[in-house]
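Asks: Below is a structure I'd like to ask you about.
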Amino acid sequence: MLARRSLLLAGVGGVATLAACTLQPDRDHNGPDAPRAGPLHKPVRTAWVFSSGGPRGFVHVGVIKALEELGLAPDLVVGASAGALVGTLYASGLRAAEIEALALDMQTMSLVRLAVGAQERLSGTPLAELVRQHSRVSLLEQMQVPLACVATRRSDRVATAFTAGDVGLAVQASSAIEGQFAPVRIRGEQYVDADWTTPLPVRVARALGAQRVLAVDATVHIDRAPTGAERYLESDLRKKALVDVDGTLANLLLKPDFGYWVSLSREFRERAIDAGYRDTLLQAAALRTLHTA
């Protein structure tokens, strides 16, 4: 059976093959560069919002590729989980071709470690390291395009938009899948991914001042569910209800279609990227209007 949920763009299969471990996965990150939420210092006309979606998040790469080809750019990028990873790389200054090459070439098993001493099996510490390695800047407030990485504060289930602080840690927190990855403790609070609170954080973009929002939904097309997917229906419907709340608040919603099942193969990555690119170009006129109105 193909993977249903995984680490951001990629995922993890056989944990036994992991060679490294993360000690003290629950240590508190409370230094001066620990991620923090705060207002933006510039007005936001147009925001791009990228959803969570596990391996489906590869679609965001294709969307950015098409938007760049159309000569469009946002005043703010908001991302959750997979969307936070792709959005961070873009906002830091990477071109679409660079993001695509990284997405196609990354070794997925290198993005996780065993979490020693945590209830969850895995740690996303290597993901934070990968982001730091490839991001053009080290702090969120240094981004070429203002950026918000959305995570869920575990104590009260409130969505938190990190807009300053360590870029790698912010993406790791946004991507800490509950029950699978150890939460990330920041300034005394544990944070997990926003998948079950705000998978498509349009409301976050609006709260940060966005006047117009392009939202990219990488979650599943329930109507494409084949025989054998029935056991996932409850989860799919729950996620859809969350996405629909925010989707109605976007000025334009893209939901590229590349089938139901996902995998970690290069063929799947290419198919998802191509779908994002193709379906975005089909909306070229509406996108240009959105960015010039």
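Asks: Between Ala37, Ala176, Ala194, which gets the highest mean-square fluctuation from a Gaussian network model of the chain, Cα cutoff 10 Å?
Replies: Maximum fluctuation in the GNM of the chain, among the listed residues, is at Ala37.
Asks: If you place +1 on the Cβ of every Lys and Arg, -1 on the Cβ of every Asp and Glu, and leave all else neutral, what size is the dipole of the stretch 15-83 about its Cα centre, to the nearest 20 Debye?
Replies: My answer is approximately 120 debye.
Asks: Continuing with the same structure: Can you send over the carbon and sulfur percentage of the accessible area for the stretch 54-113, probe radius 1.4 Å, protein chains only?
Replies: Here carbon and sulfur together make up 46 percent of the probe-accessible area.
Asks: Now for a separate question. Using only Cα atoms, what Kirkwood radius does the stretch 123-257 have, in angstroms?
Replies: 16.0
Asks: HN-Hα J couplings of the stretch 277-293 from phi, Karplus 6.51/-1.76/1.60, θ = phi - 60°, integer Hz, Gly and Pro as x?
Replies: With the stated coefficients, the stretch 277-293 comes to 5, 5, 5, 6, 4, 5, 9, 4, 5, 5, 5, 5, 4, 4, 8, 10, 5 Hz.
Asks: Would you kindly derive the ³J(HN,Hα) couplings of the stretch 177-184 from the backbone phi angles with the Karplus curve 6.51 cos²θ - 1.76 cosθ + 1.60 (θ = phi - 60°), listing them in order in whole Hz, with x for Gly and Pro?
Replies: 4, 4, x, 10, 10, 4, x, 10
Asks: While we're looking at this one, here's another question. So how much accessible area does Lys65 have, in Å² to the nearest 10, using a 1.4 Å probe?
Replies: Accessible area of Lys65: about 60 Å².
Asks: Here's something else I'd like to know. Once the Cα gyration tensor of the chain is found, what semi-axes does its equivalent ellipsoid get, as square roots of 5 times the eigenvalues, in whole Å, sorted largest first?
Replies: Ellipsoid half-lengths, sorted descending, are 26, 23, 18 Å.
Asks: Per residue, how large is the accessible surface of the chain? Use a 1.4 angstrom probe and give square angstrom.
Replies: Heavy-atom SASA per residue in the chain reads 41 Å².
Asks: A follow-up question, please. When only C-alpha pairs under 8 Å and at least 6 residues apart count, what is the relative contact order of the stretch 127-266, in percent?
Replies: About 20 percent, as a whole number.
Asks: Take the solvent-accessible surface of the protein heavy atoms, probe 1.4 Å, and return the percent of it on the stretch 182-277 that carbon and sulfur atoms account for.
Replies: On the stretch 182-277, the fraction of accessible area on carbon and sulfur atoms equals 52 percent.
Asks: Pull up all non-local amide H partners of Arg185: gap of 5 or more, or a different chain, and H-to-H distance under 5 Å with H placed in the peptide plane.
Replies: Residues meeting the criterion, in which the H sits 1.01 Å from N, are His29, Tyr191.
The values are calculated or read from the model by the stated rules, or taken from the named source; none is laboratory data. Note that the structure is a prediction, hence the values are computed from the model and not measured. Ideal geometry is used to build each Cβ from the backbone, glycine not excepted, and the neighbour counts take in all protein chains shown. Side chains included, ligands, DNA and RNA excluded: accessible areas come from the protein's heavy atoms. Shrake-Rupley method; radii C 1.70, N 1.55, O 1.52, S 1.80 Å.
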